[in-house]
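Structure first, commentary second.
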Amino acid sequence: MYGDPATVRKILTELGDTWAIVGLSTNERRAAYGVADVLQRYGKRIVPVHPKAETVHGEPGYPSLDAIPFEVDVVDVFVNSELAGAVADEAAAIGAKAVWFQLGVIDEAAYDRARAAGVDMVMDRCPAIEIPRLG
């Protein structure tokens, strides 16, 4: 329900190539680091969003979504489920077209709010796993 194949395909192929990745830092042991690398290899522009605003994979970082000075298509969320709902709300507020909650990140109320705001959303899935499957 929260990651139907049509929505997954739409987000990965139709909604745009600028992905803000919330929780992405220079820590190579974190899942966000590897996922960002995969997204870049598939032609996505990654935008690191982390309080430290570090440059990751050659892309300058920002401390928050609302600090990004350009349009973001998809917000990929690598924070705990307890914090993810607020990030989904921020994504809708900045005009993102979609929100993607990573594996293990689930907030049904946030999903409902995002959908009500007209934002496509996937939860508990990984784009680095899904994008190669599109063929």
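State yes or no: is ARG113 modelled with pLDDT of 95 or more and among the charged types (D, E, K, R)?
So ARG113 passes the test.
Looking at the stretch 3-20, which of its residues are surrounded by 14 or more Cβ atoms within 10 Å (Cβ to Cβ) and part of a loop (DSSP other than H, G, I, E, B)?
We begin by selecting, within the stretch 3-20, every residue surrounded by 14 or more Cβ atoms within 10 Å (Cβ to Cβ); these are 3, 7-12, 15-20.
Of everything in the stretch 3-20, those that are surrounded by 14 or more Cβ atoms within 10 Å (Cβ to Cβ) and part of a loop (DSSP other than H, G, I, E, B) turn out to be GLY3, LEU15, GLY16, ASP17.
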Per the list (1) open to solvent by 40 Å² or more (accessible area, probe 1.4 Å); (2) at pLDDT 95 or above, residue check on GLY23 breaks on (1)
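Looking for something of a type in the set (Asp, Glu) and within 16 Å of PRO127 (Cα to Cα) - is there at least one such residue anywhere in the stretch 84-94? Walk me through how you get there before you give the answer.
Just the residues of the stretch 84-94 that are of a type in the set (Asp, Glu), to begin with: 89-90.
Going one step further and asking which of them are within 16 Å of PRO127 (Cα to Cα), we end up with none.
Checked against the condition, which is being of a type in the set (Asp, Glu) and within 16 Å of PRO127 (Cα to Cα), the stretch 84-94 yields no hits at all.
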Here the residues within the stretch 22-81 that are touching a Gly at 6+ places or on another chain (Cβ under 8 Å) and basic (Lys, Arg) are ARG30, LYS52
Can you tell me which residues in the stretch 26-43 are of a type in the set (Phe, Trp, Tyr) and open to solvent by 60 Å² or more (accessible area, probe 1.4 Å)? TYR42
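The values are calculated or read from the model by the stated rules, or taken from the named source; none is laboratory data. No experiment lies behind these values; they were computed from the predicted model shown. Cβ: placed from backbone, ideal geometry, glycine included. Neighbour counts: every protein chain shown. Surface areas here come from the heavy atoms of the whole protein model, side chains and all, with no ligands, DNA or RNA. Shrake-Rupley method; radii C 1.70, N 1.55, O 1.52, S 1.80 Å.
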